[in-house]
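Only the coordinates and a few stated rules stand behind these numbers; no lab work does. Computed from a predicted model, the values in this text were never measured in an experiment. As a convention, Cβ positions derive from the backbone with ideal geometry for all residues, glycine included, and neighbour counts pool all protein chains shown.
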Amino acid sequence: MSDEQRATSDGRRPAEFPPGVARPGPVLSRRDFVRLLGASAALAGVYGCSRRPDELILPYVHQPPELTPGVPQYYATAMTLDGLATGLLVESHDGRPTKVEGNPDHPASLGAAGVHEQASVLQLYDPHRSRHVRHGAQQADWDAVARLLAPVALGQRVGARGEGLRLLLEPTASPLTVALLARVRERWPAAGVHVHAPFAAPDDGDALLPLPDLTRADVVLALDADFLASGPFHLRWAHDWAVRRGAGGGPSRLYVVESGFTPTGATADHRLAVRPGELETVAAALLAGVRAARGVTSAPTAPTTADEATTAWLRAAARDLAAAAGRCVVVAGPRQSATVRLLARALNAELGNEGRTMWYVRSPLLGAGDASVGSLADLAAARDVDTLLVLGGNPVYDAPADVDVAGLLRRVPNTVHLGLYEDETARACAWHVPALHYLERWGDARAYDGTASLVQPLVAPLFGGHCADELLALVAGEATPRAHDLLQTHWRGRAGDRASGFDAFWREALRRGVIADSAAPRAASAPVPAVVPPPAAPPRAAAGTLEVVLAPCPKVHDGRFADNAWLQELPEPMTTLTWGNAAQLSPATAARLGVESGDELALGAGGRTVRVPAIVVPGVADGVAVLHAGYGRDGAEETARGVGVRAQGLFPRAARYALAGVTVARTGAHHELALTQPHWRLHGREPVRVVAPGQPVAREDAAGGTRRRALPLYERQPGAPHQWAMTIDLDRCTGCGACMVACQAENNVPVVGPEGVRDGREMHWLRIDRYYADAATDAAAAAPAGPLSVAQPMLCQHCEDAPCEYVCPVEATVHSSDGLNEMVYNRCVGTRFCSNNCPYKVRRFNWFDYNRDLGDVEALQRNPDVTVRERGVMEKCTFCVQRIREAEIRASVEGRTLGPNEVTTACAQACPTRAIVFGSLTGAGSEVARLREDPRAYAVLDELGTEPRVRYLARVRNANPALAASRAPSASEAAT
Ligand code: SF4
Ligand code: SF4
């Protein structure tokens, strides 16, 4: 639906701003502020506890070792998600971590950091973290836990061989943890070890992980794999995909088959929306099509499925893959059935990709291919358990619906939970031990490809706490259950034979954040059974039922980040929904059910019902509802509690990620969803451009178009040596949102809560607009491909002839000689004329003092180089001016000229695909100057003559000629 179509019935255009934005009155009570932002008098004094760890920590390899007050230092460490590590560099201001960046030396990061890594620094200071050991309702201490788990006492309860002892862990690839578990098993050979996480790597015993080399793949096929935007190695894959996409010889081509609509699907050149039950048939049809195209079999010359358009799509994709044999790659989603993953393997083998674009590594995760490690269901079925240690995770909340974890915890006399929060599982356990945040603890971790890193703390524990390794050491009867000592002892044994000695090894590993030569060996092939299991017949779509998909939320994942207000307020990439989840339905499915976005549905299966609002999303397969996990929390995390719906409650063990035959009914209730998509309208102009490979963007100027002349009200300032500018490549941007969270962390951007978002008061300086092609006007948007979609990061364009500057009565917004559109906060009187006159709608008015009730602990995260704004001022992107000025001063102190590519902004630094490039237009070798000359470069709303310093590079649609020609999406915004 276009803006014009949305015009009101009396013919007027809809307002530029959301209707609630100028409504008077506070949107959040003080109580809500306290709940969301976590102010707490009980935290007074923690500020003083922000000190470095007692042990020696070492700054990143390129940083000078000395400490200058006020000058931040960077330390390498690693964060794990679902057990696998991403290497990071963390900025520390006088002993307090404030900002997370990627570690350029780490294979899972290459210098980028995703939304979870960026937001993890806020989690460190979350005042809702638990802070006391608890036994029953009483406060206890670590010594009491040590007595409970001391070998003699433990042996009397669990038996001499540990028959009554069970350990439940999250997936882990920590060499130290794995070694400690081996020692626990030595001491207690009959003890059971179980692993659980709702969205970790496949749990069917397959020990091999696919490791595609996307830098060499001309054609990529993804089978329900959101490999560009989710999963522990996605930053690397997004980087590699972007490298090949921008390489000479033309862009690669991406095919995506999926049920929901993901950032990877939106990035595809061709996309096929299918029901989850059809995936196996589709994969088998593709294999048959490839074999036929290569003349390997006398199989039918075309894959066949029920519908003609889908068959034609599959035939074209199979032929394209076959034509690129050895230069293409097929990836399957980690939560797909074993059959789909085997079919992907067979496709790669058939296409000769193995050892060229596809490799395999042994999974570094504990339990992969190890039958002695049990599952959560095995544990729930266990009897005669005396002592159960739950070392991380929240199984009471996120276990499959038919696994009775709460019943298990009631049966076991001694239950000990280790976690950051008193969450649902902690509350069901007799004992709770606060866990250390990764920025507070020592440890180690392996990445997806096996590369090992040391985890070093940047700050002494804020609230006390312990880590899983210390508890395991207690159980194993170790003499010194201190993580630092355990870690050194472990690596001393492995690094002792290095010629340079252990100390040099230790220092190098801490400084670089990577242990050299520790990646797992790559295998060129993986066994494929001679006969791949036949695909299961797709379930029949019974009238009145849906197939429902459970997916990890791109923001709060499985719920572990649900207390993080930055992530709650981050718009979901495809729907722009904040603060909650909803059942995503295609427009056709919604029309069939007679529902609109916000209408509440009752989804039922197996005697269980979930009530959830609907949201209409172009691109979801018809007959499917997609639910994101991680909401409907009920623990002590006050920010998370009551936000959204607990989707996991619908899914049993046998259908953990997709459930067919789910009944659906409207309840009659309606919810106002906290969406950002309808805010900040651009009135039907064409802000995104899409071109074919090698095609330049249309130049209206050259065609004698309507571009206005620059407004000659003010004379340009004399130029400074550097002229700052940015380019954003829409062909590289996946819409993942890492840049948004990076900007929020760097620039002290506040959260406003769900009511604030509903009123259009979100404060993000950088937003990501999501454009969909309009099915009514675009043939390529029709099924089976689903709509074309483009994500466009939108921030202050730093116009040279800035419309905001002319209208400010107090000159609070002015132009700098190096090209920045500046805000002078203490001049701003809040007329908001500038915001009205900004055609890009990127200015944010600080309606309330969002920082007034900031707790002492949360205040520790704030960047001291950036003003924390009070109410009543206009805010917007500054091009991270603090970074520019810091670099200028550093160059001046060093007596040299600042180079054009030396400064980067927070958003550009976080971006895994390097879609955002920042720098100076002056100076030899300027990258941003080179990109501005690209034939794909254009200025948004160029016709207004604003001369923006931000230029976009058009999205490329590398269409397969055998499929319907694609055309550019119109500027219409989502129907949501
Ligand atoms: Fe993600 Fe932003 Fe980069 Fe786009 S520009 S890929 S949204 S980090
Ligand atoms: Fe935010 Fe800096 Fe990027 Fe501007 S340049 S959007 S202030 S991170």
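Under a model in which nothing but the beta-carbon of Lys, Arg (+1) and Asp, Glu (-1) is charged, the chain shows a dipole of about 640 debye around its Cα centre. For the stretch 837-976, averaging the sequence separation of C-alpha pairs within contact (under 8 Å, six or more residues apart) and dividing by the residue count gives a relative contact order of 13 percent. For the chain, adding -39500 (n - 2.57) for each run of n ≥ 4 DSSP H residues and dividing by the number of residues yields -6500 deg cm²/dmol at 222 nm.
Between Ala247 and Ala146, what FRET efficiency comes out of the Förster formula 1/(1 + (r/R0)^6) with R0 = 60 Å and r the beta carbon distance, rounded to 0.05?
Rounded to the nearest 0.05, the efficiency is 0.60.
Applying 0.36 nm per residue to the separation of Ala720 and Ala160 and subtracting their alpha-carbon distance, the gain on full extension is 193.9 nm.
Computed about the Cα centre, the dipole magnitude for the stretch 553-644 is approximately 220 debye when only Lys and Arg (+1) and Asp and Glu (-1) carry charge, each at its Cβ. Available extension along the chain between Ala530 and Ala182 is 121.7 nm, counting 0.36 nm per residue and deducting the alpha carbon span.
The separation of the stretch 157-193 from the stretch 92-135, counted between C-alpha centres, amounts to 29 Å. Dipole of the stretch 330-399 computed with +1 at Lys/Arg Cβ and -1 at Asp/Glu Cβ about the Cα centre; of Val390, Ala338, Ala377, farthest Cα towards the positive end is Ala338. Each of Val459, Ala435, Pro481 was scored by the projection of its Cα onto the charge dipole of the stretch 397-485, and the greatest displacement toward the positive side belongs to Pro481; charges sit on the C-beta of Lys, Arg, Asp and Glu.
The label point for Ala137 and the one for Ser375, both projected 7 Å from the Cα toward the Cβ, are 3.8 nm apart.
In this rough spin-label picture, where each label sits 7 Å from Cα along the Cβ direction, the Val296-Glu947 distance is 6.0 nm. Taking a ≥ b ≥ c as the square roots of the eigenvalues of the Cα gyration tensor, an a/c ratio of 1.5 or more together with a/b larger than b/c marks the stretch 309-439 as prolate.
The mean sequence distance of close C-alpha pairs (under 8 Å, at least 6 residues apart), as a share of the length of the chain, puts its relative contact order at 17 percent. With r as the distance between the Cβ atoms of Ala207 and Phe502 and R0 = 45 Å, compute the FRET efficiency 1/(1 + (r/R0)^6) and round to 0.05. The formula returns an efficiency of 0.90 here. With a/c under 1.5 counting as rounded, go ahead and sort the stretch 524-609 into rounded, prolate or oblate using the C-alpha gyration tensor (a ≥ b ≥ c being the square roots of the eigenvalues; past the cut-off, prolate if a/b is larger than b/c, else oblate). Oblate shape, in that a/c is at least 1.5 and b/c is the bigger or equal ratio.
Extension gain Ala153-Ala325, at 0.36 nm per residue separation less the Cα-Cα distance, in nm?
Values: separation 172, 0.36 × 172 = 61.92 nm, distance 6.24 nm.
The Ala153-Ala325 span can extend by a further 55.7 nm.
Label-to-label distance, His671 versus Ala859, with points set 7 angstrom from Cα along the beta-carbon direction: 3.5 nm.
For the stretch 715-768, calculate the relative contact order in percent as a whole number, restricting contacts to Cα pairs under 8 Å that are 6 or more residues apart.
Values: 25 pairs, mean separation 18.0, N = 54.
RCO, the stretch 715-768: 33 percent.
Couplings for the stretch 552-558, taken from phi via the Karplus curve 6.51 cos²θ - 1.76 cosθ + 1.60 with θ = phi - 60°, read x, 6, x, 9, 9, 6, 9 Hz in order; Gly and Pro are left as x.
Taking every Cα-Cα distance in the chain and sorting them into 10 Å bins starting at zero, the pair-distance distribution P(r) comes out as 2, 11, 21, 25, 22, 13, 5, 1, 0 percent.
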